[in-house]
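What follows is a single structure, written as structure tokens, with notes after it.
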Amino acid sequence: MSLKLKNFTDLDDFEKKFILQHRNKEQIAKFMKNSYIDFDEHLKFLSNLKNDSTKKYFLVYESNEAIGVIDFTNITSQTCDFGLYAIKKGVGDILINEIKKYAFNILKVQILKAYVFKDNTKALNLYIKHNFCIYDENDDFYFVKLNNSNRNIIS
């Protein structure tokens, strides 16, 4: 399995449109804080990423096929938040493993965090399967984290 992460700042025009189309699909958008994004907003967002060291977004390819998007936000020396969505069915484990590898081996953070809509049981179960724990909640979200004290052992 050959995986490639393509930074959103390096996307071609086709990839920019492709990502927006998938991101705005109802089954993905319903689990986003902003359920719909128009093309101009999307282009502005992509442009702003070039000057923002606290955010990294990647289109994930497996053998030249786009399978999903992973992102890292609120990046500090100790922690970051992450997000993901699948473009191809059945790739959740692959995406979460790439998230852990990138966060702990490249960003070198100690704690990886995310929020999950309470009705998104599929995502919550994926995170729990990968040893994330729920550390807080509010009316809408569970907040999960993974502490990696041995961050260099993930490969």
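The values are calculated or read from the model by the stated rules, or taken from the named source; none is laboratory data. All of these numbers come straight from a predicted model, not from anything done at the bench. Counting neighbours? That spans all protein chains shown, and the Cβs are built from the backbone with ideal geometry, glycine included.
A few points about this structure:
- When region 135-155 is filtered for residues that are under 16 Å from Ile96 (Cβ atoms) and either modelled with pLDDT under 95 or not charged (D, E, K, R) (or both), the ones remaining, listed by number, are Tyr142, Val144, Leu146, Asn147, Asn148, Arg151, Ile154, Ser155.
- Taken together, the residues in region 105-122 that are touching a helix residue (DSSP H, G or I) at 6+ places or on another chain (Cβ under 7 Å) and β-branched (Val, Ile, Thr) amount to 2.
- Filtering region 72-104 to residues that are in a helix (DSSP H, G or I) and either closer than 20 Å to Glu62 by Cα or out of contact with any helix residue (DSSP H, G or I) (no Cβ under 8 Å at 6 or more places or on another chain) (or both) leaves Gly92, Asp93, Ile94, Leu95, Ile96, Asn97, Glu98, Ile99, Lys100, Lys101, Tyr102, Ala103.
- Taking region 101-121 as the range and being touching a Phe, Trp or Tyr at 6+ places or on another chain (Cβ under 8 Å) and of a type in the set (D, E, K, R) as the test, the residues that pass are Lys113, Lys118.
- Ala103 closer than 28 Å to Asp12 by Cβ, of a type in the set (Gly, Ala, Ser) and within 12 Å of the chain's Cα centre (by Cα): yes
- Region 27-48, residues that are in a helix (DSSP H, G or I) and at pLDDT below 70: Gln27, Ile28, Ala29
- Flag: Asn148 does not match the condition of being more than 16 Å from Arg23 (Cα to Cα), among the polar types (S, T, N, Q), out of contact with any Gly (no Cβ under 8 Å at 6 or more places or on another chain) and surrounded by fewer than 17 Cβ atoms within 10 Å (Cβ to Cβ).
Yes/no matrix, rows are residues, columns are (1) more than 15 Å from Asn7 (Cα to Cα); (2) buried (at least 20 other Cβ atoms within 10 Å of the Cβ); (3) in contact with a Pro (Cβ under 9 Å, 6 or more places away or on another chain):
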{"site": "Glu41", "(1), (2), (3)": "yes, no, no"}
{"site": "Lys50", "(1), (2), (3)": "no, no, no"}
{"site": "Gly68", "(1), (2), (3)": "no, yes, no"}
{"site": "Gly83", "(1), (2), (3)": "no, no, no"}
{"site": "Val91", "(1), (2), (3)": "yes, no, no"}
{"site": "Tyr102", "(1), (2), (3)": "no, yes, no"}
{"site": "Asn105", "(1), (2), (3)": "yes, no, no"}
{"site": "Lys113", "(1), (2), (3)": "yes, yes, no"}
